[in-house]
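These notes concern the structure reproduced below.
The values are calculated or read from the model by the stated rules, or taken from the named source; none is laboratory data. Remember, predicted model here, so these are calculated numbers, not experimental data. Note that each Cβ is placed from the backbone with ideal geometry, even for glycine, and that neighbours are counted across all protein chains shown.
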Amino acid sequence: MTGHCSACGCEVNFPPSRFQLPRIFCGKSCYDSVRRLHRHTESAKAKVRAVQAQRRAALTPNVTCSGCGTRFYRPPCEVASCTRHFCSMTCRRKQCRGTCSYCGTEIVVRAGRSDRPRYCSHDCNSAARRKPFVIKNGYRLVLQKRHRRADSYGYVREHIVVMEATIGRALRKREEVHHRNGDKQDNRPENLMLFASHREHMKEHAQRTQSGHSL
């Protein structure tokens, strides 16, 4: 392709990949002269934008925007590697909307990959990959990251969740839940007892020990 030097105006041969550049120079001397004279000046920036707009307008549109339907030009290498094309970031954001697979927050997803699970943050990604429950120290822990008693991994003891659902409120700081039959994984509401403090909880354990019942 042929063009004109931005400094001296002479005709220059250059590859098609450089056609979208704002300025083209025939040599280093012309480049240095323009850089020294027009660095950081508003008139030079306006001239560069005008030249760039003219060259873009001269290009033959080869793709259609998937958002608004406008025809515009993209390099052949980008046309071959993409299935959807957008003329601006505004069109891309409108067409590539999705929701977080964990919390439901609206996010922008990559074009052509909206059917895959996407997450708004690393925390949601980690939470979605965790198991729904684990067994730790004999207790059954369920994944509830936003619970006030959840650990650093987002797990909370299931008997706490069941008791809070039964009484209709969150447990107070000193309240503890006791298993009547001694099975730490039996979290049925009828098998749970609520104590106001750790001291009362231990009294119940002492009474059961003295009577010969299991803890």
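Whether a residue is within 24 Å of the chain's Cα centre (by Cα), surrounded by 13 or more Cβ atoms within 10 Å (Cβ to Cβ) and modelled with pLDDT of 75 or more was assessed, and SER101 passes this test.
Cβ-Cβ contacts under 9 Å between residues 6 or more apart (or on different chains), taken from a first residue in the range 29-52 that is closer than 16 Å to CYS5 by Cα to a second residue that is at pLDDT 75 or above and in a helix (DSSP H, G or I), are listed as HIS38/LYS47; HIS38/VAL48. Evaluation of HIS198 against the conditions (1) closer than 21 Å to LEU141 by Cβ; (2) surrounded by 12 or more Cβ atoms within 10 Å (Cβ to Cβ) shows that the sole unmet condition is (2). Within the range 184-215, the set of residues being in contact with a Ser or Thr (Cβ under 9 Å, 6 or more places away or on another chain) and outside any strand (DSSP E or B) comprises PRO189, ARG208, LEU215. Among the residues of the range 145-161, those that are touching a residue at least 12 places away in the same chain (Cβ under 8 Å) and either surrounded by fewer than 17 Cβ atoms within 10 Å (Cβ to Cβ) or closer than 18 Å to SER197 by Cα (or both) comprise ARG148, ARG149, TYR153, ARG157, HIS159, ILE160, VAL161.
Here ASN13 clears all of (1) modelled with pLDDT of 70 or more; (2) in contact with a helix residue (DSSP H, G or I) (Cβ under 7 Å, 6 or more places away or on another chain) except the condition numbered (2). Listed by position, the strands (runs of 3 or more DSSP E) inside the range 123-179 whose residues that are under 23 Å from TYR102 (Cα atoms) number at least 1 are 133-136, 139-143, 155-157. Can you confirm whether GLN185 is in contact (Cβ under 8 Å) with a residue 40 or more places away in the chain, within 29 Å of ALA128 (Cβ to Cβ) and not charged (D, E, K, R)? So GLN185 passes the test. Yes or no: GLY154 touching a helix residue (DSSP H, G or I) at 6+ places or on another chain (Cβ under 7 Å), at pLDDT below 85 and not hydroxyl-bearing (Ser, Thr, Tyr)? Yes, satisfied.
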